[in-house]
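What follows is one structure encoded as structure tokens, with my remarks underneath.
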Amino acid sequence: MNFPSKLIENAVEELAKLPGIGRKTALRLALHLLKEESETTYALAESLAKMRTDVKHCTQCHNISDAEVCSICANPLRDKSVLCVVSDIRDVIAIENTSQYKGLYHVLGGVISPLEGVGPSDLQIESLLERLPASEVKEILLAISPTMEGDTTAFYLTRKLREYPLRITTIARGVPVGGELEYTDEITLGRSIVERTAYGKV
């Protein structure tokens, strides 16, 4: 692809690094921004830079936050007896969009995947166990995508949670096996939350 400007080419190269954005789409975006008012482009650049420097991770659940403690953990109206364990921040967003869950969260930051070199120590599992003794949690809801790695992670967690007097549940398998939570429609995901079932015997 030939460019009339090196500056445009550089912009396209950077935009094309984003997931799901090919070079043709990147070119369309770059040319669109070039045609817009300069304030629009500056506002976009400023918001991205501010997001990168100012967004924090909640010290309690590891969700993204504007403050040390996220708005979910800080909300006194949330049900503190239920803790939903997810692998990724995107899963929190997906579940919140169903409006079916009112408890708290814990974001692991991934799943156990030996092939990719990700072990239990690479995830926020110890911090999960550390927050339980002083909490009001009575139920752990494992809302982890039902992939091979997700099931491995869920199995590992149930073994670690044996010593705690907790009810361990998992989302109902209305979510297709091998699917990712972020791509599941809200009705299916909401029903899976409402109709959650016990996770084996521990």
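The values are calculated or read from the model by the stated rules, or taken from the named source; none is laboratory data. Bear in mind the structure is a predicted one, so any value in this text is a computation, not a measurement. No Cβ is skipped: glycine too gets one built from the backbone with ideal geometry, and neighbour counts run over all protein chains shown.
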- From the set of residues in the stretch 156-200 that are under 18 Å from the mean Cα position of the chain (by Cα) and within 23 Å of E136 (Cβ to Cβ), which is surrounded by the most Cβ atoms within 10 Å (Cβ to Cβ)? I171
- Task: Please enumerate the residues belonging to the stretch 102-120 that are at positive phi and either loosely packed, with under 14 Cβ neighbours inside 10 Å or not assigned by TED's automatic domain parsing to the domain that holds L189 (or both).
- Result: G117
- Enumeration of residues in the stretch 127-170 that are free of Cβ contacts under 8 Å to residues at least 60 places away in the same chain and among the polar types (S, T, N, Q): S135, S145, T147, T152, T158, T169, T170
- Count of residues meeting criterion [within 17 Å of the chain's Cα centre (by Cα) and either in a loop (DSSP other than H, G, I, E, B) or among the basic types (K, R) (or both)] in the stretch 101-136: 10
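Quick grid of which residues meet (1) in contact with a helix residue (DSSP H, G or I) (Cβ under 9 Å, 6 or more places away or on another chain); (2) among the aromatic types (F, W, Y); (3) surrounded by 12 or more Cβ atoms within 10 Å (Cβ to Cβ); (4) in contact (Cβ under 8 Å) with a residue 24 or more places away in the chain:
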{"site": "Q60", "(1), (2), (3), (4)": "yes, no, yes, yes"}
{"site": "D66", "(1), (2), (3), (4)": "yes, no, no, no"}
{"site": "C73", "(1), (2), (3), (4)": "no, no, yes, yes"}
{"site": "V82", "(1), (2), (3), (4)": "no, no, yes, yes"}
{"site": "Q100", "(1), (2), (3), (4)": "yes, no, yes, yes"}
- Hey, among the residues in the stretch 142-155 that are hydrophobic (A, V, I, L, M, F, W, C) and surrounded by fewer than 22 Cβ atoms within 10 Å (Cβ to Cβ), which one's nearest to P120 (Cα to Cα)? F155
- Message: Within the stretch 29-58, take every residue that is exposed (fewer than 10 other Cβ atoms within 10 Å of the Cβ) and more than 21 Å from the chain's Cα centre (by Cα) and give me the one that is nearest to R131 (Cα to Cα).
- Response: E39
- Hey, R159 in contact with a His (Cβ under 9 Å, 6 or more places away or on another chain) and charged (D, E, K, R) or not: no
- Do the conditions hold for K17, that is, is it over 30 Å from L141 (Cα atoms) and not small (G, A, S)? yes
- What helices (runs of 4 or more DSSP H) lie completely within the stretch 1-96 and have 3 or more residues being farther than 30 Å from I171 by Cβ and not aliphatic (A, V, I, L, M)? 6-15, 23-35, 38-54
